[in-house]
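Contents: one structure, followed by commentary.
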Amino acid sequence: MTSPPVTARIAPGVASIAASDWDACAGEGNPFVGHAFLSALERSGSVTAQTGWQPLPIVIDGADGRPAAIAPAYGKSHSQGEYVFDHGWADAWERAGGRYYPKLQVAVPFTPVPGPRLLTRDPALAPALIAAIEAVTDQNRLSSAHVTFLDEAELPAFEAAGWLIREGLQFHWQNAGYASFDDFLAALSSRKRKAIRKERAAALEGLTVRHLTGSEIGEAHWDAFWAFYQDTGSRKWGRPYLTRDFFSMLGESMGDKVLLMLAERGGQPIAGALNLIGADTLYGRYWGAVEEVPFLHFELCYYQAIDAAIARGLARVEAGAQGEHKLARGYAPVTTWSAHYLPDAGFRRAVSEFLERERDAVRQEQEFFGEMMPFRRDG
């Protein structure tokens, strides 16, 4: 007996789907794949066809007529804001006479945070959802489809479908049941422990740090943070990805999952770090400052995040992409994953060979970084 055929559709955007239906598929563990976050990106004008991120969520409806499986997909006209770099692939394909863009991206825009990408009420629909992503790619004659920062638990489904798997590295802090920051420091070597205490003292001299969440965050706080974000964004990306409206919408729709840390001098904010609170993880996202203070970036983004995670009993802190300097602050190297579908056999073969070489390099790098961790080696 064969299963009945599955029909998928492309919705005009996340905001076109009822929040309750979307979140029934997405779950509550990872705030970035929830309806509130993704729809705020659309409604604020941060994610549109004009910014190179055309929302194209791929939906499989259940027998009850409600979405049973969703892939948060986007038509991309560039490779910016993804943090899994394929510019070399694009150059090679276009030199060979192909057209790399538009491509299909299943991701959370501008967010290098691992999490589910196959959002399902019924996990048995995962293979059908992957097949739907492939069909959209093939039927529209796109060069490729990319699922970035996917949850490791989703890897077998993509491997079974024959997708190419890419590995990357991030640095995450793991909570080993620490009761306080000093408890965490006690696990480090004496030299690293002293260095962190000196950094924290230097960063905090003359400053007050406030942790704000929910209704504690007002528009004046978002105005201050917007100035910080613009400064960092203009230096890193040329122009900030997110609009000012996005931050207000974030506070309105999911303020209880927002943790905004502000460093103040004389009552005036001079720097800030924005975090989101997940089921077991604190996610560091954006930071900025209008005054140069030594070590303040480390304090707000890494040490204050550890403080907050311990206070909330969270299992880990994920402080964003890259950053070897996180090692000395107790953040360990972990593997991240992406999956790639390339219909052209020759292109796929070339990328597969590249990924084999890259995978060896990433694993060697991870082993090297693992030996540089600052923890005590006695006992």
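The values are calculated or read from the model by the stated rules, or taken from the named source; none is laboratory data. Every value quoted in this text rests on a predicted model; they were computed, and no experiment measured them. Glycine gets a Cβ as well: all are built from the backbone with ideal geometry, and neighbour counts include every protein chain shown. Areas reflect the complete protein model, heavy atoms only, side chains present, ligands, DNA and RNA absent. Shrake-Rupley method; radii C 1.70, N 1.55, O 1.52, S 1.80 Å.
A few remarks follow.
- Restricting segment 102-159 to trypsin sites (Lys or Arg not before Pro) in coil, as DSSP defines it, with at most 16 other Cβ within 10 Å: Arg141
- C-alpha long axis of helix 126-139 to longest principal axis of the chain, angle in °: 70
- GNM result for the chain, Cα springs below 10 Å: residue of Gly218, Gly320, Gly13 fluctuating most strongly: Gly218
- About its Cα centre, the dipole of the chain is roughly 660 debye, where the only charges are +1 on Lys and Arg Cβ and -1 on Asp and Glu Cβ.
- Computed E for Ser215/Ser20 - FRET, C-beta separation, R0 30 angstrom, nearest 0.05: 0.80
- Gain upon complete extension [Ala227, Glu367; 0.36 nm per residue less C-alpha separation]: 46.5 nm
- Accessible surface computed residue by residue for the chain, with neighbouring protein chains in place and a 1.4 Å probe, gives 44 Å² per residue.
- Charged side chains reduced to their Cβ positions (Lys and Arg at +1, Asp and Glu at -1) give segment 83-125 a dipole of some 100 debye around its Cα centre.
- All C-alpha pair distances within segment 8-141, sorted into 10 Å bins from zero, spread as 12, 43, 34, 10, 1 percent across the bins.
- Gain in span if fully extended, Ala131 to Glu205, counting 0.36 nm per residue against the direct Cα distance: 21.1 nm
- Nearest 10 degrees, 0 to 90: helix 244-254 Cα axis against the chain principal axis: 90
- Selection from Gln80, Gly97, Leu38 lying farthest towards where the dipole of segment 19-107 points positive, charges on Cβ: Gly97
- Degrees, to the nearest 10: 190-204 long Cα axis against longest axis of the chain: 90
- One Cα centroid belongs to segment 94-143, the other to segment 18-82; the line between them spans 12 Å.
- Accessible-area composition of the chain, carbon plus sulfur, in percent [1.4 Å probe]: 50
- Computed over segment 1-69, the Cα gyration tensor eigenvalues convert (square root of 5λ each) into semi-axes of 25, 15, 9 Å, ordered from largest to smallest.
- Contour excess over end-to-end distance, with Cα ends at Glu324 and Ala161 and 0.36 nm allotted per residue: 55.3 nm
- By the Cα gyration tensor, the chain has an equivalent ellipsoid whose semi-axes, rounded to whole angstrom, run 36, 25, 20 from largest to smallest.
- Charge-dipole axis of the chain as Lys and Arg at +1 and Asp and Glu at -1 on Cβ define it, positive-most pick from Ala289, Pro123, Ser338: Ala289
- Enclosed volume per residue, in Å³, of the convex hull spanned by Cα atoms of segment 261-379: 177
- Sites Asp256 and Arg197 - FRET efficiency at Förster radius 25 Å, r taken between beta-carbons, to 0.05: 0.15
- For Lys257, the aspartates and glutamates whose Cα falls under 18 Å of its own Cα, not counting residues fewer than eight places away in the same chain, are Asp23, Glu28, Glu216, Glu219, Asp245, Asp280, Asp307, Glu318.
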